[in-house]
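To start, the structure itself, in structure tokens.
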Amino acid sequence: MLKPLSNDVTRIAFAQSLPEVKSAFTQSVNRLGFVGYNISINRSTVSEFMEKPTLSTFTTKELDTYVNDRWAGRDPLMAHLEFNKTPLLWHQKNWDMPGQEEYYDYVRFQGIMGGLTLSLPALNGKASAITLLSIDPTPQSPDVIPEVTILSSVAVARLAAFKEGQFTEYDLRRFKLLSDLQVEILSWMAKGKTNGEISSIVGRTERAIAYHVSEILTKLDVTSRAQAAAFYAAMGFSD
């Protein structure tokens, strides 16, 4: 246990960007038998855990479906987090949630066999947690709980290094809205180049560059070139 765990901790701790943290953490929990997870840090309400994930392998469609179908108010895993801070390791073979047959059918339809829900350290008045899912027909051993606790704590600490802990999966998805040309323009913006200079570099008119700069700010949900440059740096792409 110690050698693989030590290697996982090292990879996460030395990750240089959100994508690297996600890759290292995903490999770590895959090793423990989990196929997906959702980490949310310092949220005001339990419903925000799935609405505003900090790090997640769930697709945008999956998250939107969860929110639109109002599962946050019916999810026994979220209810557990709200009223009980102890780890919840569950599996279809030992399901013990009376009155939650609807949720049981929901996860079974998704092909999920079990999972682990765990509270994480949070600021005063806030809540942090991770939910992991498994498709293994064999129930997970309780031995995974301390490993997940350690790995999650390291990931949360590393994420805090990016944008003061506010850089999230949502930010990564916004970045992916940019076209290849817009990513290139953003890279030159991050180097302090003016629209005129970028125009000469990429071979587009200055008017076209101004249009793309406006689109970049809108897609990244920022209001200035400086904020866009900081966003780019937080993604780990700065020179």
How do the pairs read when you match residues in segment 194-214 that are within 17 Å of LEU178 (Cα to Cα) with residues anywhere that are among the acidic types (Asp, Glu), using Cβ under 9 Å and keeping only pairs 6 or more apart or on different chains?
-> ILE198/GLU184; ILE198/GLU206; VAL202/GLU184
So how many residues does segment 85-104 have that are modelled with pLDDT under 85 and either outside the structural domain of ILE130 (by TED's automatic domain parsing) or of a type outside the set (Lys, Arg) (or both)?
-> 11
Pair list, Cβ < 6 Å and 6+ apart or interchain, from segment 22-34 residues that are in contact (Cβ under 8 Å) with a residue 40 or more places away in the chain and farther than 12 Å from THR149 by Cα to residues that are hydroxyl-bearing (Ser, Thr, Tyr) and outside any helix (DSSP H, G or I) = GLY33/SER134; PHE34/SER134
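Please work out which residue is farthest from the chain's Cα centre (by Cα), limiting yourself to segment 1-40 and to residues that are aliphatic (A, V, I, L, M), in a helix (DSSP H, G or I) and farther than 25 Å from ALA233 by Cα.
The initial filter retains those residues of segment 1-40 that are aliphatic (A, V, I, L, M), namely 1-2, 5, 9, 12-13, 15, 18, 21, 24, 29, 32, 35, 39.
With the extra rule that they be in a helix (DSSP H, G or I), the set shrinks to 2, 5, 9, 12-13, 18, 21, 24, 29.
Add one more test, that the residue is farther than 25 Å from ALA233 by Cα, and what stays is 2, 5, 29.
Working: LEU2: 26, LEU5: 21, VAL29: 14 Å.
This residue is LEU2.
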LEU181 being touching a Leu at 6+ places or on another chain (Cβ under 9 Å) and either assigned to a helix (DSSP H, G or I) or under 27 Å from GLN92 (Cα atoms) (or both) = no
From (1) under 29 Å from GLN16 (Cβ atoms); (2) surrounded by 15 or more Cβ atoms within 10 Å (Cβ to Cβ), pick out the condition that doesn't hold for LEU123.
-> (2)
Give segment 139-162 a look and list any residue that's in contact (Cβ under 8 Å) with a residue 24 or more places away in the chain and surrounded by fewer than 12 Cβ atoms within 10 Å (Cβ to Cβ), or say none.
-> PRO142, ASP143
If you scan segment 12-25, which residues turn out to be of a type outside the set (A, V, I, L, M, F, W, C), touching a Gly at 6+ places or on another chain (Cβ under 9 Å) and surrounded by 14 or more Cβ atoms within 10 Å (Cβ to Cβ)?
-> SER17, PRO19, GLU20
May I ask you to list the residues in segment 58-98 that are closer than 16 Å to LEU132 by Cβ, part of a helix (DSSP H, G or I) and not hydroxyl-bearing (Ser, Thr, Tyr)?
-> GLU62, LEU63, PRO76, LEU77, MET78, HIS80, LEU81, GLN92
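The values are calculated or read from the model by the stated rules, or taken from the named source; none is laboratory data. Computed from a prediction, not measured in an experiment: that's the story for all the values here. All Cβ positions, even for glycine, are placed from backbone atoms using ideal geometry, and neighbour counts span all protein chains on display.
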